[in-house]
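Q: Structure below; questions to follow.
Just so it is clear, none of the values below were taken in a lab; they were calculated from the coordinates. Note that the structure is a prediction, hence the values are computed from the model and not measured.
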Amino acid sequence: MVLLVGHVKPFTNWSANWIELGNEFSTLVVNYHLMCFTDFVPEPETKEYIGDSLVLFTVANLAVNLAIVGRESIKLGYHKGRL
């Protein structure tokens, strides 16, 4: 999906394409983290570090997406004259 979104650019808005590409990349990274919780990584300490990395990456992704949504909401409010 990352390659498809990067090549096809399904949205007409440039920023929407970049946001979608970032979210697809985040999904890919989270899936790679989750694969490390199988028997592929036998040491529990390593799984703990991977879990910490997964949590930090997820929180960072959530913070970026909330910042984007908040910025767009404020911008829309100013344009509508409500703020």
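Q: Given the options Leu28, Leu54, Leu66, state which has the largest fluctuation in a GNM of the chain using a 10 Å cut-off (strictly under) for Cα springs.
A: Maximum fluctuation in the GNM of the chain, among the listed residues, is at Leu66.
Q: Between rounded, prolate and oblate, where does the stretch 41-83 land on the alpha carbon gyration tensor, with a ≥ b ≥ c its root eigenvalues, rounded for a/c under 1.5, else prolate if a/b exceeds b/c?
A: prolate
Q: How much length is gained on full extension from Glu24 to Leu62, taking 0.36 nm per residue of separation minus their Cα-Cα distance?
A: Length difference between fully extended and current span is 12.4 nm.
Q: Checking the cross-link filter: which aspartates and glutamates have an alpha carbon closer than 13 Å to that of Lys9, excluding same-chain neighbours under 8 positions apart?
A: Glu20, Glu24
Q: May I pose another question? Hey, what number do you get for the chain at 222 nm if only DSSP H runs of n ≥ 4 count, each worth -39500 (n - 2.57), divided across all residues, to the nearest 500?
A: -27500 deg cm²/dmol
Q: Once Rh for the chain is found with the Kirkwood sum over Cα pairs, what is the Stokes-Einstein diffusion coefficient at 37 °C and 0.692 mPa s, in µm²/s?
A: For these conditions, the coefficient is 218 µm²/s.
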